[in-house]
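Comments concern the structure below.
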Amino acid sequence: MKRAVLGAMMLGGIGLGVMRWLNSRQTKARAEREASRWLMVTINRRPDEVVPDGRLPEPLARLGETIEVQVREAPGDRGTELGARPVTPVPTGVEEVMARLAGEDPRQAVRTALRESKCLIETGEVLRPDEPPTTRPTPTGRLVDLASQRAGGEGRL
Amino acid sequence: MKALTWQGVNELSVERVPDPRILNAQDAIVKVRMTTTCGSDLHLLGGYIPAMRAGDVIGHEFLGEVVETGPEVRRHRVGDRVVVCSIIGCGRCWHCEHDMWSLCENSNPKPGITDMMWGGTTAGIFGYSHAMGGFKGSHAEYVRVPFIDYSAFTVPDGVDDLNALFASDAAPTGWMGADLGGVRPGDVVAVWGCGGVGQMAARAAILLGADRVIAIDRYPERLTMTERHIGAETIDYTRTDVIAELRERTGGRGPDVCIEAVGLEADSPGPQKIYDKAKQRLGLEQDRPIAVREAIHACRTGGSVFVLGVFAGMVDKFPLGALMNKGLTLRGAQQHGQRYIPKLLDLISKGELRTAHLATHTMTLDEGPRGYDMFKNKKDGCVRAVFRPWA
C-alpha cells in the first residue's frame, strides 16, 4: 500500500513538473516561435514549373485560405524551395501533443500537402502505399498503424 | 496469392494474402520467379526493426516477369524478365538524379517515421517494415513494383535467373561498398563478413584493382567459398587476433579500405559480444557495432571505412577518437542499386562476376520458414536460401 502511494506521489510529481515546464514562459516563447515556423521542401524543378503562372500545386491549393505560401529559387541548382504554414494559430504544449496524436494539428496537413506537391511535380503522381496494410490486426500492429497514418504529416519538415 | 509473412519475433508463416493491384500509373505487377533471403531480413525477424505488423510480407531481393503495367509505364512491357532493385527510386528527385537512389525523396509514402528516427527521409524498400514505406515484399507469387521504369532492369538473354537474382541487392550493395569506399588499384582491402554482400564486396574490390583483399568471418564453409569463388584471402576471427593479423599482412599499415558487411547483430569471441548484447537487451543501445569498431581500429591512418551492414539506431562505445585522430573517412548507405545494376548484369553475362554459388539452398515458398531457420542458424552451410514461388 505504502509503495503504491509513494509511486502515485512520484508520478504526480513528475506530471506536475512536466506541466510546469510546458507552461513556463521560456517554453511558451519557444513554442510560439515554432508555431510560426515555415515548413519547407525543396523541389527539383524551376520555380516556374512549381508554380506556373502563380498557380499552387493542387495538394497545397486544396488547403485554400488556411495557409500562406512562399516560393524561392534554391541555391546550387537545387530547384525551388517551397514553404507553407497555417495562418491560424496552431496548438502548443499539451494541446499540441494531443492534436498531433489525434491527427488534428494543422501543420500535419501542411506537411502532407508539401510532400504530395513535391512528389506530384517531380514524378507526375503521388505514390500510394500498398493496400491493405496487412492481414492480421494485433495490439502492437495498431500502434504501427497509428504511426503510419500520421507519417505523412510528421517528421522533419 | 501465397506469401511468406512476418507474424512476430522469430515467427514466419506462409499465408494467403490479397493479390497486389496497380495503385499508381507508373506501377507494374511482377510475377516472382526467384526471391532470396538476405541478412538484413534477420533484423526484422529478430525484432530489431520495430515498425513491423503481423501479416507483413517480407523479402526484397528478387527477379520475375512483368505481367501487368500501369498506363504510364514506358520502359517495360508485359513479358519482360526483370531483376528488381530492392530500393525503390522515383528517378527524378535530386538524389536519384545524382545516383544516390537509396536517398530517394519520393518513394517512401510514410516518411515521418524515418524522418523522426534519423532526421531525414530515405527511400522505400520492398518488404522492409512500415518505416521504409510498408511495401509488401517479394516472398510472394506477385509483387507490386512502383516506379518500375526506374526500379527494374531487363535481364540479358544469356544470363539465367539464378545468376541474375543477386543483381537485385547483394551484388550492387557489395559493389557500392568498394566503389564509394574508394578502392583504387594497388589497395589492400579488408571485408568484415563473408555472407552474400561481403563476398560481393570482396569481388568488387578485386575487379576495381585492389592488390589484396582479405575477408573475415568465422564459418569455415563461408571462408572456403570466399577463397574459392571470389579469390580473396580469409581470416577466421575465432582463431586469431584480427587487427594483429591485418597489420602483419599489410606491412604494419592496416588496410587502405575497410568494408563492414555484418550489421547490427555482429558477433565476437570476446567480451564485447556479452557487453553489447546486454546493452541491447536492456534497450541501452539498439545495435551491436562490433565489426565497425574493429574496422575503425584496423584501418590504416588516413584510410576509409564503409558501413554496408544494416544499422537501425544508437550504438555505444563508438571509437570517435580513433576516427578523428587517424583521419579516417567513414561512409555508409543502403544500396544505390540503380547506379550499378546495368554494369553488374553486363559483368555477370561476361562471366567476370559469379553469384550463383551464393544460392546454397533452393526451395519452394512453402518451405520459407524452414529456409529462414537454416539461413539464420547457418545450418547445412546455408549462405542464401532461394525460394521459387511457382515451383
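Observations on the model:
- Any hit, region B:20-28, residues being within 23 Å of the chain's Cα centre (by Cα), touching a residue at least 12 places away in the same chain (Cβ under 8 Å) and away from chain A (no Cβ under 11 Å): no
- Qualifying residue in region A:142-150 (condition: surrounded by fewer than 22 Cβ atoms within 10 Å (Cβ to Cβ), part of a loop (DSSP other than H, G, I, E, B), at the interface with another protein chain (Cβ under 7 Å from one of its Cβ atoms) and modelled with pLDDT under 95): no
- Screening the candidates B:ILE29, B:ILE22, B:ILE49 for the property of being within 25 Å of B:ASN377 (Cβ to Cβ) and surrounded by fewer than 24 Cβ atoms within 10 Å (Cβ to Cβ) yields one hit, B:ILE49.
- Within region A:119-130, being facing chain B (nearest Cβ under 7 Å), under 19 Å from B:ILE113 (Cβ atoms) and surrounded by 18 or more Cβ atoms within 10 Å (Cβ to Cβ) holds for A:CYS119, A:LEU127, A:PRO129, A:ASP130.
- Breaking point among (1) at pLDDT 95 or above; (2) surrounded by fewer than 24 Cβ atoms within 10 Å (Cβ to Cβ), for B:LEU165: (2)
- Any hit, region A:96-103, residues being in contact (Cβ under 8 Å) with a residue 60 or more places away in the chain, within 10 Å of another protein chain (Cβ to nearest Cβ) and surrounded by fewer than 19 Cβ atoms within 10 Å (Cβ to Cβ): no
- Looking only at residues in region B:83-111 that are over 22 Å from B:ASP41 (Cα atoms) and buried (at least 24 other Cβ atoms within 10 Å of the Cβ), the one that is farthest from the other protein chains (Cβ to nearest Cβ) is B:CYS96.
- Filter result for A:LEU82 (surrounded by 13 or more Cβ atoms within 10 Å (Cβ to Cβ), touching a strand residue (DSSP E or B) at 6+ places or on another chain (Cβ under 8 Å) and either within 10 Å of chain B (Cβ to nearest Cβ) or farther than 28 Å from A:VAL50 by Cβ (or both)): no
- Pairs, first facing chain A (nearest Cβ under 9 Å) and within 16 Å of A:ARG142 (Cα to Cα) in region B:42-57, second modelled with pLDDT of 90 or more and assigned to a loop (DSSP other than H, G, I, E, B), C-beta under 6 Å, six or more apart: B:ALA51/B:SER129; B:MET52/B:SER129
- Selected residue (criterion: farthest from B:PRO172 (Cα to Cα)) from residues of region B:351-391 that are touching a Leu at 6+ places or on another chain (Cβ under 9 Å) and among the β-branched types (Val, Ile, Thr): B:THR362
- Within region A:104-141, being part of a helix (DSSP H, G or I) and either free of Cβ contacts under 8 Å to residues at least 12 places away in the same chain or among the aromatic types (Phe, Trp, Tyr) (or both) holds for A:CYS119, A:THR123, A:PRO139, A:THR140, A:GLY141.
- The sole residue among A:PRO137, A:PRO133, A:PRO106 that is under 14 Å from the mean Cα position of the chain (by Cα) and either more than 13 Å from chain B (Cβ to nearest Cβ) or not hydroxyl-bearing (Ser, Thr, Tyr) (or both) is A:PRO106.
- The listed residues are A:VAL69, A:VAL94, and the only one of them that is in contact with a Leu (Cβ under 7 Å, 6 or more places away or on another chain) and part of a helix (DSSP H, G or I) turns out to be A:VAL94.
The values are calculated or read from the model by the stated rules, or taken from the named source; none is laboratory data. Computed from a predicted model, the values in this text were never measured in an experiment. Reconstructed Cβ throughout: ideal geometry from the backbone, glycine too, with neighbour counts over all protein chains shown.
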